[in-house]
1. Residues of segment 38-52 being touching a residue at least 40 places away in the same chain (Cβ under 8 Å), over 14 Å from the mean Cα position of the chain (by Cα) and open to solvent by 10 Å² or more (accessible area, probe 1.4 Å), which ones?
2. Restricting to segment 113-143, name every residue that is surrounded by 16 or more Cβ atoms within 10 Å (Cβ to Cβ) and more than 18 Å from A60 (Cβ to Cβ).
3. Which one of these is under 30 Å from S38 (Cα atoms) and at pLDDT 95 or above: G155, G140?
4. Which residues, taken from segment 57-67, are assigned to a strand (DSSP E or B) and under 16 Å from G133 (Cβ atoms)?
5. Would it be correct to say that V123 is within 16 Å of E24 (Cα to Cα), part of a strand (DSSP E or B) and touching a residue at least 60 places away in the same chain (Cβ under 8 Å)?
6. List the residue pairs whose Cβ atoms are under 7 Å apart, where the first residue sits in segment 168-179 and is free of Cβ contacts under 8 Å to residues at least 24 places away in the same chain and in a strand (DSSP E or B), the second is surrounded by 21 or more Cβ atoms within 10 Å (Cβ to Cβ) and polar (S, T, N, Q), and the two are 6 or more positions apart or on different chains.
7. For segment 187-202, name all the residues that are assigned to a strand (DSSP E or B) and of a type in the set (S, T, Y).
Amino acid sequence: MKYIIFLSSLLLLPISSQAQIHLEPYGSLGASYSSSSSRPLFMSYVLGSRIGYHFLPLAAAGIDLFWTHYSTGSNSTRSHHLEIHRGLTGDRGFSQAGKTVSLNYSQLSTPFQPFAIGAFVSVELPFIFNAYGTLFYTFGDKNQVQHQGGGIKGGVSYLSAFYVQVNLELQYAYYRCVEQARCSANFSVISALLSLSVPIPSYIFGFGSSSSEDREEEVTGVNEPHW
C-alpha cells in the first residue's frame, strides 16, 4: 500500500512552468520463459500506459501501469478436473462400478494475468532513439491463489512517423505466493517483447499553450515603440 501511495503522489507534485505531460499508451507481444511451466516457452501479451511529466528537455518520469497475459501452462495454474461417464447397461449392485462408471483425471491449464504498477524513467538519445526503464510490483491471481512480486524492465525505442514508437523490451518478474498453504512454488518469468506505443503530444490537451502565448506577448512588447 505504501508503494502505491508513493507512486500515486508523483502525479500530485506541482508542475513547473517547463514541465509537460507525458502520456504514452502501448501494446506489446512476445515470448516468455519460465522453468516452472510445463511449456517453458510461451506467448505473452501486454497492454498498458506510461503517465508522467517531462521534467527536463530530454527526460521524463512517472508511473507505468500495465496488464499482462501469460499463455502459460505452469504447475501453479493447473486445476484438477474429474469426469464421470455412466454406461447404458442395466447392471446393479457392485458390478456397476466396473461396467457403468469410468473416472478420468485431467489437468486444465489457465493463463496467468497479473496487473502491475511501477515507476519509469525515459531518456531521449541521439538519432531519434530513446531508452526507458521501469521498476514495478505485480498483483496476480493463479487458480484463485494470490501471487505478488516485483520486477524490472527496460527497452529501446525508435520514433517513427505519426508519433508511433517501435519498442524492443526485456522484462524480468518474480512472483511469490501469498497463501503459502495453497501454493506449489514461487516462480519467475523472463520476457522479450516487441511493442508499439503512441506518445501523445501535450498540446492536444491544451498544455503549454499559456506559456507560448506569454512568450509572444513579451516579444511583441519589446518591439512596440514607446512614446
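The values are calculated or read from the model by the stated rules, or taken from the named source; none is laboratory data. The model shown is predicted, which means the values in this text are computed figures rather than measured ones. Cβ placement follows ideal geometry from the backbone for every residue including glycine, while neighbour counts extend to all protein chains displayed. Only protein heavy atoms, including side chains, enter the accessible area calculation; ligands, DNA and RNA are left aside. Shrake-Rupley method; radii C 1.70, N 1.55, O 1.52, S 1.80 Å.
1. Scanning segment 38-52 gives a single hit, S38.
2. The answer is P114, A116, Y137, T138, G140, K142, N143.
3. It is G155.
4. Hits for segment 57-67 are A59, A60, A61, G62, I63, D64, L65, F66.
5. Yes, satisfied.
6. Listed pairs, sorted by first residue: Q171/S191.
7. S188, S191, S195, S197
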